[in-house]
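Scroll down for the structure; my scribbles are underneath it.
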Amino acid sequence: MKLAIVLLAGSDTPDGAGRMANAFITALEAQEARDEIRIVFDGAGTTWLKALADPEHRYHRLFENVRGSVAGACLYCARAYDVVDDVEDANIPLLDDYKDHPSIRGMLADGFHVLTF
């Protein structure tokens with residue numbers, strides 16, 4: 001199976017934390033099943049990377065377990081949320097496939113099922 005997991009939920013609410021954790025648990029399950037996975041941080045989801053890169057963060061270990069599946073973060077959104085430096089400091093690529101955004105259409109064209117959290 002090919003899964004693209006797009007994290008749109010921001011880091012500023014408990015609801016966003018729940019969505020992030022569910023996205024990563026879904027990715028972990030897919031990894032264990034040897035599925036092909038791409039995780040994309042988009043929209044307010046780009047704000048997670050500074051916190052997740054911190055070894056003291058509650059979800060840092062979970063993030064590190066799925067890091068190899070992270071395709072990148074939306075360049076446009078990272079700029080809009082003023083987190084470009086945080087994304088780069090976390091060693092996550094900035095995606096600019098279509099007008100400075102990741103291409104959801106491209107993932108669909110490549111056969112990925114796209115899940116949004």
Sorted by accessible area with a 1.4 angstrom probe, largest first, how do 116, 26, 46, 13 fall? 116, 13, 26, 46
Checking the a/c ratio against 1.5 first, then a/b against b/c, what shape does the Cα gyration tensor give for region 44-117? oblate
Within the chain, the percent of DSSP beta bridges that are antiparallel, given to the nearest 5, stands at 5
R0 of 22 Å, Cβ-Cβ distance residue 64-residue 99: FRET efficiency to nearest 0.05: 0.10
Would you calculate, for the chain, the mean residue ellipticity at 222 nm contributed by helices, counting each DSSP H stretch of 4 or more residues as -39,500 (n - 2.57) and dividing by all residues, to the nearest 500? -11500 deg cm²/dmol
At the level of C-alpha centres, the distance separating region 92-108 and region 19-45, in angstrom, is 16
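What number comes out for accessible area per residue over the chain if the probe is 1.4 Å? Units Å², please.
Accessible surface, normalised per residue, equals 55 Å².
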Considering only protein heavy atoms and a 1.4 Å probe, what is the carbon-and-sulfur percentage of the accessible area of region 30-108? 43
At a threshold of 8 angstrom on Cα-Cα distance, excluding pairs fewer than six apart, so keeping six or more, what relative contact order does the chain reach in percent? 33
In percent, how large is the relative contact order of region 64-103, given Cα pairs closer than 8 Å and 6 or more residues apart? 45
Two-site FRET efficiency, residue 56 against residue 113, from Cβ-Cβ distance with R₀ of 25 Å, rounded to 0.05: 0.15
From the square roots a ≥ b ≥ c of the eigenvalues of the alpha-carbon gyration tensor of region 1-104, which class results: rounded (a/c under 1.5), prolate (a/b over b/c), or oblate? oblate
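The values are calculated or read from the model by the stated rules, or taken from the named source; none is laboratory data. Here the structure is a predicted model, which is why all the values come from computation and not from measurement. Every residue, glycine among them, receives a Cβ derived from its backbone with ideal geometry; neighbour counts consider all protein chains shown. Heads up: the accessible areas ignore ligands, DNA and RNA and are worked out on the full protein's heavy atoms, side chains in. Shrake-Rupley method; radii C 1.70, N 1.55, O 1.52, S 1.80 Å.
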